[in-house]
Structures are given as C-alpha cells and as structure tokens.
Amino acid sequence: MSGICEGRVAIVTGAGRGLGRAHALELARQGAHVVVNDLGGATDGTGSDAGAAQLVVEEILAAGGKAVANTDDVADWAGARRLVEQAVSEFGGLDVLVNNAGILRDQTIASMTEENWDAVIRVHLRGTAGPTRFAAEYWRARAKGSGRPLGARLINTTSASGIYGNFGQSNYGAAKAGIAAFTVITALELGRYGVTVNAVAPAAFTRLTENLMPAEHAAALAPEHVSPLVVWLASAESDGVTGRVFDVGGGRIGVAEGWRLGPEVTRQDLWDAAELGRVIPDLVAKAAPNVDMLGRTPAGD
Ligand SMILES: NC(=O)c1ccc[n+]([C@@H]2O[C@H](COP(=O)([O-])OP(=O)(O)OC[C@H]3O[C@@H](n4cnc5c(N)ncnc54)[C@H](O)[C@@H]3O)[C@@H](O)[C@H]2O)c1
C-alpha cells in the first residue's frame, strides 16, 4: 500500500477497537507497517481477549497491508518494552508510536474508590509513559548512531475532560491532563533526536462514549474522522509541528491552547494574607474565565 506513511513502522496501543482501530487501519492504508496492540478488556479495564488485536490485523492483511498483533498490557513496563521490541524485530525499526489505549471508571470524588482512582491513572498515565520510555530509548540510540534527525513521531491521546474539565471524571481528567503535560515536556526532551510529540483530544462515538452521546451521532462522530489527523501527524509531512494538542472530531480540527500566565501583581517584600482580599478578586476578574467542556468561554471565544 502506498500513501503518506509508506514504509513507516507504527505502533498503535488499544487498537483493537474504537479510535485505535481506525488509526491502525488508516495508517496501514497510507502504507505504514502496524503493530496492533490491544489487551482486549472491558471498558473498565477488567478482563482480556487476544482476539481484539488479531481481528484488526486480519482486516489490515485482507486489505493488502502489513500488521502484527500484540496483546501486552501497555501499563506494564515489561509489556511496554516487549511492544517496542516487537516493532523493531518484526519490521526493522520504529517511526511512530500512537498512545491511545484507555479505560473509564467515572465516579465523583466524594465517592471515589482507591481502586477506581488507581486503575484509571495506571492505564492512561503509566500506559502512555511506558511505551514512550522504551520508544524514546530506541530513538535516542538511533539518533546518536545515525547523526541525522530521525523524523520519528509520538502521538498521545488526551481528552476534553483533561484539558477543559468534565464532571464526574476527576481520575480520568487528571490522567488526561497529565498526558497533555507529558506531551509538552516530552516534545522538549525528544526534539533533539528529531522526534515530534503531539496529542489529540478526540470526540468519537465508541463503546466508551455510546452511553453519553445520542445514537444518531454515531456516523457524524465516527472514529474515522479523527484518524486522518493522527496519520498526518505520524507522517514525515508534519515536521515542525510539535508540543501541540489538537481538539478533533466529526470533521472539525482545532488547536487547544494551553495554560498561560494571565494578569499578575508583584511586590518586593512578603504579601500579607490579610491584604490579598483587596488584590485577588480584582486579578481574577481581569483574567480570562475557564472554558467549558467544549473549550469555549461564556463569551463564545
Ligand atoms: N471516544 C471518545 O469520544 C474519546 C474522547 C476523549 C478521549 N478518548 C480517548 O481515546 C482513546 C480510545 O478510546 P475509545 O473511545 O476508542 O475506546 P475503546 O474502548 O473503543 O478503545 C480503547 C481500547 O484500549 C484497549 N485497552 C485498554 N486498556 C489497555 C491496556 N492496559 N493495554 C492495552 N490495551 C488496552 C481496550 O481493550 C480497547 O480496545 C482512550 O484513551 C480514550 O480515553 C476517547
């Protein structure tokens, strides 16, 4: 198959279903050799099923593409290491890592169990850090060996819940905000090896969101709408775009602008807490308001 990712080797985590599956299929259609990772568990992360990754591999092979399955748990660092090693041993290298695997265990903070907190933080944050850590080690060695920029790509998956905030998802949103920060920081670290790092905050009708969205949105918000951006970011054509978070879904692509310093006040000596009542409300009134779940302010900008 030929396309903008021809001959590139890509790993997609959580690619047995939903968004990851759509990314893997489109990467393969655009010529990439794909390692399709999926543990095959339920939406809350329980259980496993090797069939999920294998089915996507068979779809890619049937369409004339190249793919192999991997069923490691991405949050297990030994599994993450095996995943990166498998790409290198099967396809001779690694150009693209798409960290996409995810689970949900929504609960308000007053009721949050330790288990639900840890499970969500583990899959999203450890499950992004682990594969990245071993890919980064591989890319560093290759960059030092070749003496030229690699053109490698890391694409993470955050969420509106993490970058804007959503009721009932403090575990998931904290993990996804962490992934947005991880994106910015790893872009700084890996740039010297010729690796760009970006994240997508997708909106798509999948088993994770089917209870939150009306069924009539299924086609308009199909995961396939998110994959073209992921595949372009995975290609050599996206050189120069790094450290960015994209809000994407249903044909819309936006750039999510990050935290930035707003109005400030300074004094040379210590602030007295008792005087801040005359300072802080004014400062907050001058600052841009927090955005809503769609990333927009009440004024609509
Ligand atoms: N669907 C949306 O609107 C939406 C919105 C924001 C963010 N996201 C994020 O997009 C990503 C994909 O979600 P989706 O909606 O396609 O859900 P999905 O449930 O259809 O797919 C997620 C896949 O990840 C796999 N997975 C879970 N834990 C794993 C682990 N430890 N190791 C390997 N694989 C594992 C699951 O088996 C599943 O196939 C997630 O990170 C999710 O948080 C989705």
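Details
- Here segment 26-76 is treated as a Stokes sphere of Kirkwood radius computed over C-alpha pairs; at 25 °C and 0.890 mPa s its diffusion coefficient rounds to 216 µm²/s.
- Over the chain, volume per residue of the alpha carbon convex hull, in Å³: 166
- The calculated FRET efficiency for Ala63 paired with Ala236, based on their beta-carbon distance and R0 = 22 Å, is about 0.45.
- Once backbone amide H atoms are built at 1.01 Å from N, Val35 has Ala10, Ile11, Val12, Val68 as its partners under 5 Å, excluding neighbours fewer than 5 places away on the same chain.
- Placing +1 on each Lys and Arg Cβ and -1 on each Asp and Glu Cβ, with no other charges, gives the chain a dipole about its Cα centre of roughly 780 debye.
- Computed from backbone phi with θ = phi - 60° and the Karplus coefficients 6.51, -1.76 and 1.60, the 3J(HN,Hα) list for segment 149-165 is x, 7, x, 7, 9, 10, 10, 9, 10, 9, 7, 3, 4, x, 8, 10, x Hz; x is used for glycine and proline.
- Taking Arg105, Arg82, Arg260 as the candidate residues, the one with maximal mean-square fluctuation in a Gaussian network model of the chain, Cα springs under 10 Å, is Arg260.
- For segment 144-195, the alpha-carbon coordinates run over 48, 14, 13 Å along the three principal axes, in decreasing order.
- Highest to lowest packing among 112-118, 65-71, 139-145, 179-185, scored as the average C-beta count within 10 Å: 65-71, 179-185, 139-145, 112-118
- Taking every protein chain into account, the accessible area of the chain amounts to 49 square angstrom per residue (probe 1.4 Å).
- Quotient of C-alpha Rg and 2.2 N^0.38 Å, computed over segment 256-300: 1.49
- Candidates Gly251, Gly31, Gly127: whichever shows maximal mean-square fluctuation once the chain is modelled as a Gaussian network with Cα springs under 10 Å: Gly251
- Mean projected area in nm² (Cα convex hull; one quarter of hull surface) for segment 98-219: 8.4
- Along segment 228-233 the Karplus relation, 6.51 cos²θ - 1.76 cosθ + 1.60 evaluated at θ = phi - 60°, assigns HN-Hα couplings of x, 5, 4, 6, 5, 4 Hz to successive residues, with x for each Gly and Pro.
- Helix 51-62 axis, angle to the chain major axis (alpha carbon atoms, nearest 10°): 60
- For segment 8-107, the equivalent ellipsoid derived from the Cα gyration tensor has semi-axes of 21, 15, 11 Å, listed largest first.
- When both segment 224-268 and segment 48-67 are represented by their alpha-carbon centers, they are found 30 Å apart.
- Carbon + sulfur, % of accessible area of the chain - ligands and nucleic acids excluded, 1.4 Å: 54
- Kirkwood analysis of the Cα pair distances in segment 207-291 returns a hydrodynamic radius of 17.5 Å.
- Surface accessible to a 1.4 Å probe, Arg81 within the full protein complex, Å²: 110
The values are calculated or read from the model by the stated rules, or taken from the named source; none is laboratory data. Just so it is clear, the structure is predicted and the values come from calculations on it, not from any experiment. When we count neighbours, we look across all protein chains shown, and the Cβ atoms used for this are built from the backbone with ideal geometry, even at glycine. When the accessible area is computed, the model is the full protein with side chains, heavy atoms only, and any ligands, DNA or RNA have been set aside. Shrake-Rupley method; radii C 1.70, N 1.55, O 1.52, S 1.80 Å.
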